[in-house]
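Contents: one structure, followed by commentary.
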Amino acid sequence: MIDIERFSGYDIPNVENWIEHNIKSLKCPLTWKRLEGGHSNLTCMIDDARGNKAVIRRPPLGELLPKAHDMSREWKIISALGPTSVPVPEALGFCGDKSVTGAWFYVMGYVHGNPLYTSDQTLRWIPEHQRIRLAHSFIDVLADIHAVDPDVVGLGDLGKRDSYIGRQLRTWYQSWTSSIDSAKFDDARSHTLQKFFLENLPVQSSARIVHGDYGLHNTLIGPDCTIVAVVDWEISTLGDPLADLAYALNWWSDPTDQVKPDPKAATSVPGFPTRHELAARYAARTGRDLSNLDYYIGFNRWKTAAILHGVYARYAAGKKSAEGVDLGVMRSRIEKNLQLAVEAVARL
């Protein structure tokens, strides 16, 4: 018997009835297993009566922001990218009828692979002699994402095309300033950096699909230590591919970095290429000019600080339970990202 409480958010009889009538490749009844991760979306692996595996995703329970946890967006993107060279799970079915289980959901093919969140996971799953292979696959897949013409694959309306960085600077600076009182914490570097980024705003050469959170934690790595799927597309939009690249490179370090990487990070173990080497590989593969890359790296570090500052403010104001949360560590992460932004700008 299925533990209904464990799978809260899914009306299992209704969902299985919908799958039976809409996804011919799956045969009910299903065996359900809750999967962790996935930006708090309720994600389960399902095994059908024939031994086939699939994954089902729906938003978390409770009141959500209007554009948060948009399952239709993820569905649209993996459906469009399926025929391209970008590795994504197979799109099997989308349900836009909330009466089935209280929210939109979609079903995608199961891909055998592991995301990497920590150094322990890297040590467990990726042998040292395979880490260059993984890093090269990681950056090559990002280049393939940015090579896709959104108009050709039906994603031309995924987002606004102009001034991706400019819009982000306004949004996250407003978040920072509106969080100061609740956080009881400000940092002059945030204001100085935002002014610098606005005054030196680069011209966006093209609008491409940007994942928005591309890292080893949002990929599935196969037994051959290459990327077999990119997942969690819910904040993907159209934007500047160099901003997406810089965000991805934030997970990698260079020996000259004054602020050393987190020893628990997935890429902190020996055997990986440097950030500079991966950037060079991306440039060779795409032909893009990366002479201003440190601008984008600095911007992403500043943006990360602003996001963390907003979360910190909600904890400090009691709007979220801080039980088990070390606010001192969170504050140090904000300061660390601002310092990394300063370092990146200084390299320009």
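The values are calculated or read from the model by the stated rules, or taken from the named source; none is laboratory data. On a predicted model such as this, the values are computed, not experimentally measured, just so you know. Counting neighbours? That spans all protein chains shown, and the Cβs are built from the backbone with ideal geometry, glycine included.
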Residue that is farthest from Leu290 (Cα to Cα) [pool: residues in the range 243-275 that are of a type in the set (D, E, K, R) and surrounded by fewer than 17 Cβ atoms within 10 Å (Cβ to Cβ)] = Lys264
The number of residues in the range 316-348 that are under 26 Å from Asp294 (Cα atoms) and among the hydroxyl-bearing types (Ser, Thr, Tyr) is 1
Could you give me the residue pairs with C-beta distances under 6 Å whose first residue belongs to the range 312-340 and is within 22 Å of Leu193 (Cα to Cα), whose second residue is among the polar types (S, T, N, Q) wherever it lies, and which are 6+ apart or on separate chains?
-> Ala313/Ser179; Ala313/Ser182; Asn337/Thr304
Residue by residue through the range 230-256, note down the ones that are within 13 Å of the chain's Cα centre (by Cα), over 21 Å from Gly298 (Cβ atoms) and either of a type outside the set (Val, Ile, Thr) or not in a strand (DSSP E or B) (or both).
-> Val231, Asp232, Trp233, Glu234, Ser236
Which residues, counting only those in the range 90-110, are of a type outside the set (Ser, Thr, Tyr) and either buried (at least 17 other Cβ atoms within 10 Å of the Cβ) or not assigned by TED's automatic domain parsing to the domain that holds Ile23 (or both)?
-> Ala91, Leu92, Gly93, Phe94, Cys95, Val100, Ala103, Trp104, Phe105, Val107, Met108, Gly109
Residues of the range 121-132 being in contact (Cβ under 8 Å) with a residue 40 or more places away in the chain and surrounded by fewer than 20 Cβ atoms within 10 Å (Cβ to Cβ), which ones?
-> Gln121, Leu123, Trp125, Pro127, Glu128, His129, Gln130, Arg131, Ile132
When the range 44-61 is checked residue by residue, the ones that are out of contact with any helix residue (DSSP H, G or I) (no Cβ under 9 Å at 6 or more places or on another chain) and at pLDDT 90 or above are Met45, Asp47, Ala49, Arg50, Gly51, Asn52, Lys53, Val55
What pairs can you find where one residue is in the range 268-296 and assigned by TED's automatic domain parsing to the domain that holds Arg131, the other is among the basic types (Lys, Arg) and assigned to a helix (DSSP H, G or I), and their Cβ atoms are less than 9 Å apart, with a gap of 6+ or different chains?
-> Val269/Arg131; Pro270/Arg131; Gly271/Arg131; Phe272/Arg131; Pro273/Arg131; Pro273/Arg281
Residue list for the range 203-234, restricted to those being buried (at least 17 other Cβ atoms within 10 Å of the Cβ) and at pLDDT below 90 = Gln204, Glu234
The condition of being closer than 30 Å to Glu335 by Cα, exposed (fewer than 14 other Cβ atoms within 10 Å of the Cβ) and either of a type in the set (D, E, K, R) or assigned by TED's automatic domain parsing to the domain that holds Ile334 (or both) holds, among Arg189, Arg170, only for Arg170
